[in-house]
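The values are calculated or read from the model by the stated rules, or taken from the named source; none is laboratory data. These numbers were taken from a predicted model, which means no experiment stands behind them. Backbone-built Cβ (ideal geometry, glycine too); neighbour counts: all protein chains shown. Heavy atoms of the whole protein, side chains included, go into the accessibility calculation; ligands, DNA and RNA do not. Shrake-Rupley method; radii C 1.70, N 1.55, O 1.52, S 1.80 Å.
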Amino acid sequence: MEASFYTPDQSNLLPDQPGVYKYYNSENELIYVGKAKSLKKRVASYFTKTIGLNYKTKKMVKEIRRIEITIVDSEFDALLLENNLIKKTQPRYNILLKDDKTYPYLLLTKEPFPRIYPTRKMIQGKGIYYGPFASIRGMNNVLELIRSLFTIRTCKLDLNPYKIGEQKYKVCLEYHLGNCLGPCEGLQGEPDYLNEIEQAKNILKGNLGIPKAFFKHQMLKYAEMMAFEKAQFFKDKMELLEKYQAKSLVTSPSILDLDVFAIETDEKSAYVNFLKIKRGAIILTKTVELKKKLDETDTELLLTAIVRLRDQFQSDAQEILVNIDFEEEFEGLNITVPKIGDKKKLVELSLKNAKFYKKEKALASGEVQDKKFRVLKQLQSDLSLKELPDHIECFDNSNIHGTNPVASMVCFLNGKPAVKEYRHYHIKTVEGPDDFASMTEVVGRRYKRLLDEAKPLPKLIVIDGGKGQLSSSVEALKQLGIYGKIPIIGIAKRLEEIYFPEDQYPLHIDKKSESLRLLQRIRDEAHRFAITFHRDLRSKQALGSSLTEIEGIGPETAEKLLKQFKSVKKIKEASVESLEAVIGKSKAEKLIQSFKDIKKAGD
């Protein structure tokens, strides 16, 4: 194959034959490599077709100063040559597999009594490399199986015949454990050792049927000879091999060797999954991302992935299953889209993997960072807010039969509870159970403090209640001069209606809406927080009442004791000194005497 050079003006002079074309810019830098069934038609289309080309393609065409072509025998040869050139040169405008991982291999060394061990470096002439394996775990499983079935040495000794004959080595622990037959001392001959290596090679190639048949033959042979221990030995190995094979996802006995590819795309990238099937079992799975460069079609992207992944993982399967149709056929590649049966299920499995990878990449790259604000954006839209409500505060009152009136405020940042910002309020200026006046007080207190401390105001205020509570809260904002600056709504429990200030009719958000569920969650959290506070107060009040019944102990003294010791039980258990430190000697003595009298009366 010889390369020929042309200028863009000479594109119509290119031969009407399959081949590879390379574009160079004014600095003689290779910027693009492509393949074509007809070089003349394909290359000329870049310079004669002006409508339909995207911005990136037009930009590339403007940079082209020189074209180099290589004629090949078939389009499939062009495909392979294109792949090799892209892999080697990585031009700026070509699709690149986004995968810089170094994969592990298993190396069968080229030496007397060969070894099998893992490596990530490929050194020519050192032996035969099997792989690459998509994961360390998969590779270790294969290596563990081989070492369980065969007695292959793991030492690094130079076992040439001269050194073995000179008895330079001694057997190690592996020999005594039964994992090696001691070739270093001449206890195992090389022909016998190489026979095991041949069986191991079949496993490395994925041909599990051959060693399985070998073990079965040996088992039957020794059984006929009445050597039952030896027969059991080979039976155990055969069962171990079957157990390993069962761990692979077996598809169907009728499906032999094939490759499965599925593609899922978005605006910027393509995600392609590859399943390698060997004798009916999935022995490898890999998903990659391809960044779009020149608005490539799904078929172009998938074909690129097929060639590169098959090359990378050394697949020579004749049949390839895909999830999209190809308009053209490639000699040497039998690409089909299965419509029914096990093969269709394999393609569906591959597509499922590709979609999952796409989702994971989007999450990892932060492209869906916006999605965590999806509910807030929906709430912004439902309530017609000017700003995203990423800071919401909600108020609720709590009083039971007019006792211990309290209120709570909960804060949600970016749709999540900000517990450190929660606040409890004792109602100070309102007498009796007046929810409206209580709401005016706590809303006013909250935002007066924020204004005094120059802290940011929320983007939305939610009031647990209907028109009355909302109007009271609005009055507090007006008194502070910030009404209209902060959106405020009320949410009524009965029908989950949303009330706006000065609006006669409530808003009804779809009951299944995520934004309504967020408002309900915030409202329920405020209610929970208020109820909990109210219960605590009543509990302390009850405890305080039992203390104030003691002569000389008033409400203030009882509060001091409960604040220090938390419960009446702990007060009873406290020492005289600790009680004196809180309420003085005189009251401490009265308290202790009272506890003694109560106990004596109980006895």
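Rounded, prolate or oblate: which one fits segment 449-517, using the alpha carbon gyration tensor with axes a ≥ b ≥ c (rounded when a/c is under 1.5, else prolate when a/b beats b/c, else oblate)?
Working: a/c = 2.65, a/b = 1.70, b/c = 1.56.
Since a/c reaches 1.5 and a/b is larger than b/c, the shape of segment 449-517 is classed as prolate.
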Sparse-neighbourhood loop sites, trypsin sites (Lys or Arg not before Pro) in segment 8-60 - DSSP loop, at most 13 other Cβ within 10 angstrom: LYS49
Prolate/oblate/rounded call for segment 117-225, Cα gyration tensor, a/c under 1.5 rounded: oblate
When each of LYS121/LYS205; LYS121/LYS355; LYS40/LYS62; LYS291/LYS345; LYS377/LYS455 is checked by Cα-Cα distance, pairs over 21 Å: LYS121/LYS355; LYS291/LYS345; LYS377/LYS455
Listed residue pairs exceeding 22 Å between alpha carbons, taken from LYS35/LYS358; LYS292/LYS358; LYS448/LYS485; LYS569/LYS590: LYS35/LYS358
Relative compactness, the chain, computed as alpha-carbon Rg over 2.2 N^0.38 Å: 1.59
Residues of type lysines that LYS221 reaches as a straight line, Cα spacing below 16 Å, ignoring anything fewer than 8 places off in the same chain: LYS212, LYS230, LYS235, LYS237
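How would segment 429-479 be classified by its alpha-carbon gyration tensor: rounded, prolate or oblate, with rounded meaning a/c under 1.5 and the a/b versus b/c comparison settling the rest?
Values: a/c = 2.54, a/b = 1.50, b/c = 1.69.
Oblate is the answer for segment 429-479, as a/c is 1.5 or above yet b/c matches or exceeds a/b.
What ranking of ILE324, ILE489 comes out by heavy-atom accessible area, probe 1.4 Å, highest first? Numbers along the way, then the final one.
Values: ILE324 35, ILE489 5 Å².
Output order, biggest surface exposure first: ILE324, ILE489.
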Residue-level accessible surface for MET226, protein heavy atoms, 1.4 Å, Å²: 130
Relative contact order computed over the chain (Cα-Cα under 8 Å; 6+ residues apart), in percent: 8
Cα-based reach from LYS37 at 16 Å (exclusive), listing lysines while leaving out same-chain residues under 8 positions away: LYS22
Surface accessible to a 1.4 Å probe, LEU14 within the full protein complex, Å²: 10
Set of aspartates and glutamates near LYS170 by C-alpha distance (under 14 Å), chain-local residues within fewer than 8 positions excluded: ASP158, GLU185
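What value, in deg cm²/dmol to 500, does the helix sum -39500 (n - 2.57) over DSSP H runs of n ≥ 4 give at 222 nm once divided by the residues of the chain? Intermediate values should be presented prior to the final figure.
On the way: 19 runs with 268 residues, N = 603.
So the calculated ellipticity at 222 nm is -14500 deg cm²/dmol.
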